[in-house]
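Working notes, structure below.
The values are calculated or read from the model by the stated rules, or taken from the named source; none is laboratory data. Note that this is a predicted model, so its numbers are computed, not measured. Here Cβ is always computed from backbone atoms with ideal geometry, including for glycine, and neighbour counts include all displayed protein chains. Note: areas computed on protein heavy atoms with side chains; ligands, DNA, RNA excluded. Shrake-Rupley method; radii C 1.70, N 1.55, O 1.52, S 1.80 Å.
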Amino acid sequence: MQELAQSMVGWLTPVFVVSAMLNVGLTQKPANILSHLRHWQYLLRMALANFIIVPALMIFLIGIFGVDGPYASGLIIFSAAAGAPLLIKLTARSRNDVAAGATVQTVLMVGTVIVLPILLPLLITGVEIDVQAMIASLLLQTIAPMAVGMVLHAAAESFTAVVQPWVARLSNVTLYAMLAATLVGNIDVFADARMWVALGTGVLALLIAFSVGHGAGLAQPTESQIGALGTAQRNTAAAVIVAQGSFEDPLVFLTVVLLNTVMMFLLLFLATLMSKNIRMALLEPLEADPPHRRRT
């Protein structure tokens, strides 16, 4: 049973990745993305937060809590992969501008393809990573489907309206099937306390990343909320490609999938709170008290 489940993960993974990225493209017109690129200072802050601060934070906490082996590798991969397809749904759930969220997702996704092959060999020692194969896989399974979806949306909008819901359903079904098959195929790992420590470490790091991303918006409501959600939710599609293609130990892949699942439900809850205008006081910058005039 475990061997069957593990083999299912092998073919479910590319189906999930391609369908998820195709769905992102099918939901966005290139013109909408381009119109938001003028906010380059915000996008630059998001890039710095996602590709420098979050991986550094994850590595720091890995050292603090003593996470090692494949669990540490999985956490590092997940922290370095930005531009989650789920950000589109999180943006909609929080009632923010979906096009703005899609722009952040697209910029970070492109950045991931460029940065991830450079970062991982530096961050994970003792592991040989085929950088060229990684780049080829990321381009073929992430950027290409997203680009195809955007072209279809721009050129055949009526066709896209029919196809997109089915692509979205396929992405959701394969994600949950991939999760179930991963759990069944590695059921014996849940007795390992190191896995729970690694999962807790990852959640803590990404909750702090939520605050970092919120700060990248410089107190602007839309930018701050999208920044928080987009920095805390990492790019599962890119991470699973690397975890499965460059690491033989299935625990690397399992760590990525489990951490993604926890953060997915947690961030959907936080996005719902945002939609109800529930102020997150801990994330709001302190304001100086206005000076009082002296009475004469």
Applying the selection to region 8-36, what residues are among the aliphatic types (A, V, I, L, M), farther than 18 Å from Ala177 by Cα and at pLDDT below 85?
Val24, Ala31, Ile33, Leu34
Candidates Pro121, Pro165, Pro70, filtered to the one that is under 30 Å from Val189 (Cβ atoms) and at pLDDT 90 or above
Pro70
Being open to solvent by 40 Å² or more (accessible area, probe 1.4 Å), in contact (Cβ under 8 Å) with a residue 24 or more places away in the chain and assigned to a helix (DSSP H, G or I) narrows Ala181, Ala168, Ala154 down to just Ala154
Would a scan of region 92-113 turn up a residue that is closer than 17 Å to Pro14 by Cβ, part of a helix (DSSP H, G or I) and free of Cβ contacts under 8 Å to residues at least 24 places away in the same chain?
no
Subset tally (residues that are of a type outside the set (A, V, I, L, M) and part of a helix (DSSP H, G or I)) for region 114-138
4
I'd like to verify a number: residues in region 1-43 that are within 19 Å of Glu157 (Cβ to Cβ) and in a loop (DSSP other than H, G, I, E, B), how many?
3
Between Ala155, Ala92, Ala161, Ala136, which is under 19 Å from the mean Cα position of the chain (by Cα) and of a type in the set (A, V, I, L, M, F, W, C)?
Ala92
Positions within region 217-259 being in a helix (DSSP H, G or I), open to solvent by 10 Å² or more (accessible area, probe 1.4 Å) and not polar (S, T, N, Q), in sequence order:
Pro221, Glu223, Ile241, Gly245, Pro250, Leu251, Phe253, Leu258
Starting from region 61-90, take each residue that is outside any helix (DSSP H, G or I) and list its partners that are among the aromatic types (Phe, Trp, Tyr), counting only C-beta distances under 9 angstrom and pairs at least six apart or across chains.
Ala82/Phe51
